Amino acid sequence: MKLSSLQVLDAFVRLGGTGEAAQGLEMSQSAVIKALRLAEFELGLNLVTTLQGRLMPTPEAQALTQRAQPAFAALRRARHEADMMRVGMVDRLRIVTVPGLAHSILPPAITAVRRAIGDAAPVEIMFDHVAAHLAAGDADLAITYGPLPNEGLRNITLQESPLVCVFFQTDPLAARDEIGLEDLAGRRLISYGPDGFSSADSFQQALTKTGLASRISITVRHTDSACHLVREGCGVAIVDGFVISSGLTEGLAVRPLRASPAVIAYAHHREDSHLQHSGRVLITCLMEPAP
Amino acid sequence: MSELTPTQARILLAVHRFGTTIEAARAFNLTQSAISKIVARSERSLGVPVFERRDGRLILRSEARELMASLSTVEAEWRNLRDTVADLRSGHALPLRIAATPSIGQGLVAGALRNLLATHPDARAELIMGNPVAELSNGTADIGFMFSPRVSDDIALTPLAEGAIVALVRKDDPLAARGSVDLAELAGRRLLCFDRESSPLGWLIAKAHEEAGLDYAPFMTAPYSITVAHLLARDGDVSLVDSMLFEAQRFEGLIQLQITPRIPITICMMTARSRPLSHLAARMVEIITGA
């Protein structure tokens, strides 16, 4: 089973035709067809069929490429590890997180860690599939709105914050110390959408409990986007209060939502693996609220 | 810089496990110099040295520990992929999904399945007794079989065999000894049959009644011949069903009579024009059509 044949098959299935695969792989269409025929011969499988005058992937080709994705990912990870060796980041702390926290409480905490342990703590930050990254050993530490129910993962509470509203400083709402739900009537609301992975996400639960979940008109993944949209006059952002420490809200007014349930930031790591020193220091720093 | 391949990953792992190129060469049935060349090429692909040469042995560099762990994942994933290829080849990975009405499923399809399993003993099949047109349109079946179906343009129809509508009566019925019966003679009997709107057979039978100047008014309707036959054993005094039912299954106490004039029916095979067939499904089509 040749890697190059599988890569051609993957492009053929993903892009939906031999011409498209040829374009994507920057090779000739006849070379693509030849590679597919060779793969059929090597694997003993029908991978290509003609349907309505067009070469199409068979169900076997689709099943094979779907199951090849973890193998491709493993090769990518190996190449990534080699890259990390080359740039001297083998002993890095690998953090997987969500954009909302990566752009608020994480940067000052990482700065504090580097200061505490002599600027010798390489860090790699990645997003998405938090639990999967931890389970696969691709990440040492996760920071989320958790908690994560997965067995074998430790949930550590870091900080709590209410939901806050972000709007123009000239907005009449800026005159209030806190914002009630009735103040948001008729306003277009901007907030984070569910990530589809963590059902126990404390941010989404806070939105639901306050009755705001169904009222969000614009969903974003990044706090930065939410603040930019507020500056553009698109509406009022409902985010967590951790954002105040980020500087993203500079020039904007931030007020807590009255009677908001707590949004909680959690750290997670695998119980069966030893968390390195820089990771333990980072957790301590993340537990200290920003001044 | 060429790309790291799964074979290179396996050889790097073997050299690490055995500690020498001689033993790795033995394990792969290659020469020692071939292994040395592959190690050198792999290190070039990765862009980093993986081993230190010490006293004739190749020792893993301390900073390459994570890389080696990721190469183990590559090896495991590629092993899984090879198993997937074997499962696809045997028909085990992609079950053949056939939707058929019961009398076709238990007769024609069961016989063809027996032939298919003779050459593909590890194949998996799912025989769905439901609405074949709907199952095919939803993509939950690969092939559908039913009598004289009404279908949309995206379904290809292949007529397979001719049959006829027959009458079923109980053994003690005065008609039981007759062998055949005219539709007109059934007027006034309690008829257990199909709905003219939802069943193609019901539509054909209703049409035959209209052409004979008779009312089609069954006192009870059911979707399949087999259900009708089971019900007749308890209630009603005559049923009209397809002639394949008795070929597939015997019903104690029921007698089959030919109908005059004859109401012909056709068993049709259905496939989706826009979806390629799996190898097993294509083989099944060949068996059924005698190709």
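The values are calculated or read from the model by the stated rules, or taken from the named source; none is laboratory data. This structure is a prediction, so every number in the text was calculated from the model and none was measured. Positions of Cβ are generated from backbone atoms using ideal geometry, with glycine treated the same way; all protein chains shown enter the neighbour counts. Just the protein is used for accessible areas: all its heavy atoms, side chains included, with ligands, DNA and RNA removed. Shrake-Rupley method; radii C 1.70, N 1.55, O 1.52, S 1.80 Å.
Provide a single number: the residues in segment B:166-207 that are assigned to a loop (DSSP other than H, G, I, E, B) and either assigned by TED's automatic domain parsing to the domain that holds B:ALA134 or at negative phi (or both). Walk me through how you get there before you give the answer.
Start the filter on segment B:166-207 by keeping residues that are assigned to a loop (DSSP other than H, G, I, E, B), which leaves B:171-173, B:178-179, B:187-190, B:194-199.
Cutting the leftovers down to either assigned by TED's automatic domain parsing to the domain that holds B:ALA134 or at negative phi (or both) gives us B:171-173, B:178, B:187, B:189-190, B:194-199.
Total meeting the criteria: 13.
For segment A:186-203, what are the residues that are open to solvent by less than 80 Å² (accessible area, probe 1.4 Å) and at pLDDT 90 or above? If you could, list the steps in order and put the result at the bottom.
If we filter segment A:186-203 for residues that are open to solvent by less than 80 Å² (accessible area, probe 1.4 Å), which is where we start, we get A:187, A:189-193, A:195-196, A:198, A:200-203.
Residues satisfying the conditions are A:ARG187, A:LEU189, A:ILE190, A:SER191, A:SER202, A:PHE203.
Give segment B:130-165 a look and list any residue that's within 19 Å of B:ALA222 (Cα to Cα) and in a strand (DSSP E or B), or say none.
B:PHE145, B:MET146, B:PHE147, B:ALA164, B:ILE165
If I ask for residues that are basic (Lys, Arg) and either more than 20 Å from the chain's Cα centre (by Cα) or modelled with pLDDT under 90 (or both), which ones from segment A:252-291 would you list?
Of segment A:252-291, the ones basic (Lys, Arg) are A:255, A:258, A:270, A:280.
Within segment A:252-291, A:ARG255, A:ARG258, A:ARG280 qualify.
Scanning for something touching an Asp or Glu at 6+ places or on another chain (Cβ under 9 Å), part of a helix (DSSP H, G or I), free of Cβ contacts under 8 Å to residues at least 24 places away in the same chain and small (Gly, Ala, Ser), does segment B:211-226 turn up at least one residue?
Within segment B:211-226, not a single residue is touching an Asp or Glu at 6+ places or on another chain (Cβ under 9 Å), part of a helix (DSSP H, G or I), free of Cβ contacts under 8 Å to residues at least 24 places away in the same chain and small (Gly, Ala, Ser).
Please find, within segment A:60-74, the residue that is nearest to B:VAL50 (Cα to Cα) out of those that are at the interface with chain B (Cβ under 7 Å from one of its Cβ atoms) and buried (at least 22 other Cβ atoms within 10 Å of the Cβ).
Here is the first cut: in segment A:60-74, the residues at the interface with chain B (Cβ under 7 Å from one of its Cβ atoms) are A:60, A:63-64, A:67-68, A:70-71, A:74.
Of the ones still in play, those that are also buried (at least 22 other Cβ atoms within 10 Å of the Cβ) are A:60, A:64, A:68, A:71, A:74.
On the way: A:GLU60: 37, A:LEU64: 31, A:ALA68: 26, A:ALA71: 21, A:ALA74: 18 Å.
Filtering first and then ranking leaves A:ALA74.
Looking at (1) closer than 28 Å to B:ALA187 by Cα; (2) touching a His at 6+ places or on another chain (Cβ under 8 Å), which is the one condition that is false for B:ARG283?
Of the numbered conditions (1) closer than 28 Å to B:ALA187 by Cα; (2) touching a His at 6+ places or on another chain (Cβ under 8 Å), the odd one out for B:ARG283 is (1).
Pairs only if they're at least six apart or on different chains, beta carbon under 6 angstrom, first in segment B:75-102 and within 7 Å of chain A (Cβ to nearest Cβ) and in a helix (DSSP H, G or I), second open to solvent by 30 Å² or more (accessible area, probe 1.4 Å) and not β-branched (Val, Ile, Thr); list them, first residue then second.
Once the first residue is within 7 Å of chain A (Cβ to nearest Cβ) and in a helix (DSSP H, G or I) and sits in segment B:75-102, its partners that are open to solvent by 30 Å² or more (accessible area, probe 1.4 Å) and not β-branched (Val, Ile, Thr) give B:GLU77/A:PRO70; B:THR84/A:ARG67; B:ARG89/A:GLY44.
Considering only segment A:264-281, I want to know if a residue exists there that is more than 30 Å from A:ASP91 (Cβ to Cβ) and open to solvent by 70 Å² or more (accessible area, probe 1.4 Å).
No, segment A:264-281 contains no residue that is more than 30 Å from A:ASP91 (Cβ to Cβ) and open to solvent by 70 Å² or more (accessible area, probe 1.4 Å).
Could you identify the single residue in B:VAL181, B:VAL151 that is in contact (Cβ under 8 Å) with a residue 60 or more places away in the chain, of a type in the set (Val, Ile, Thr) and either exposed (fewer than 15 other Cβ atoms within 10 Å of the Cβ) or under 25 Å from B:GLN249 (Cβ atoms) (or both)? Show your work before the answer.
On the way: B:VAL151 fails: either exposed (fewer than 15 other Cβ atoms within 10 Å of the Cβ) or under 25 Å from B:GLN249 (Cβ atoms) (or both).
On inspection, the qualifying residue turns out to be B:VAL181.
Which residue out of A:LEU229, A:LEU134, A:LEU153 is modelled with pLDDT of 90 or more and not aromatic (Phe, Trp, Tyr)? Let's see the steps before the verdict.
Numbers: A:LEU134 fails: modelled with pLDDT of 90 or more; A:LEU153 fails: modelled with pLDDT of 90 or more.
Matching residue, one of A:LEU229, A:LEU134, A:LEU153: A:LEU229.
For segment B:47-74, enumerate the residues that are within 7 Å of another protein chain (Cβ to nearest Cβ), touching a residue at least 40 places away in the same chain (Cβ under 8 Å) and not in a helix (DSSP H, G or I).
Going residue by residue through segment B:47-74, those that are within 7 Å of another protein chain (Cβ to nearest Cβ) are B:47-48, B:63-64, B:66-67, B:70-71, B:73-74.
Adding the requirement that they be touching a residue at least 40 places away in the same chain (Cβ under 8 Å) leaves B:47, B:71, B:74.
Of everything in segment B:47-74, just one residue is within 7 Å of another protein chain (Cβ to nearest Cβ), touching a residue at least 40 places away in the same chain (Cβ under 8 Å) and not in a helix (DSSP H, G or I), namely B:GLY47.
Residues of segment A:262-287 being touching a residue at least 60 places away in the same chain (Cβ under 8 Å) and assigned to a loop (DSSP other than H, G, I, E, B), which ones?
Our first condition is that a residue be touching a residue at least 60 places away in the same chain (Cβ under 8 Å); within segment A:262-287, this holds for A:262-273, A:275-279, A:281-283, A:285-287.
Once the filter is applied, which keeps residues that are touching a residue at least 60 places away in the same chain (Cβ under 8 Å) and assigned to a loop (DSSP other than H, G, I, E, B), segment A:262-287 yields A:ALA262, A:GLU271, A:ASP272, A:SER273, A:LEU275, A:GLN276.
Just to confirm my filter: which strands (runs of 3 or more DSSP E) fall fully inside segment A:66-158 and include at least 2 residues that are under 30 Å from B:GLU43 (Cβ atoms)? Steps first, please.
Working: elements: A:93-97, A:123-127, A:141-144.
Correct list: A:93-97, A:123-127.
Please state which one of B:PHE246, B:PHE251 is open to solvent by less than 40 Å² (accessible area, probe 1.4 Å), out of contact with any Leu (no Cβ under 7 Å at 6 or more places or on another chain), at negative phi and in a helix (DSSP H, G or I). Outline the logic, then answer.
On the way: B:PHE251 fails: in a helix (DSSP H, G or I).
None of the other options fit; the residue is B:PHE246.
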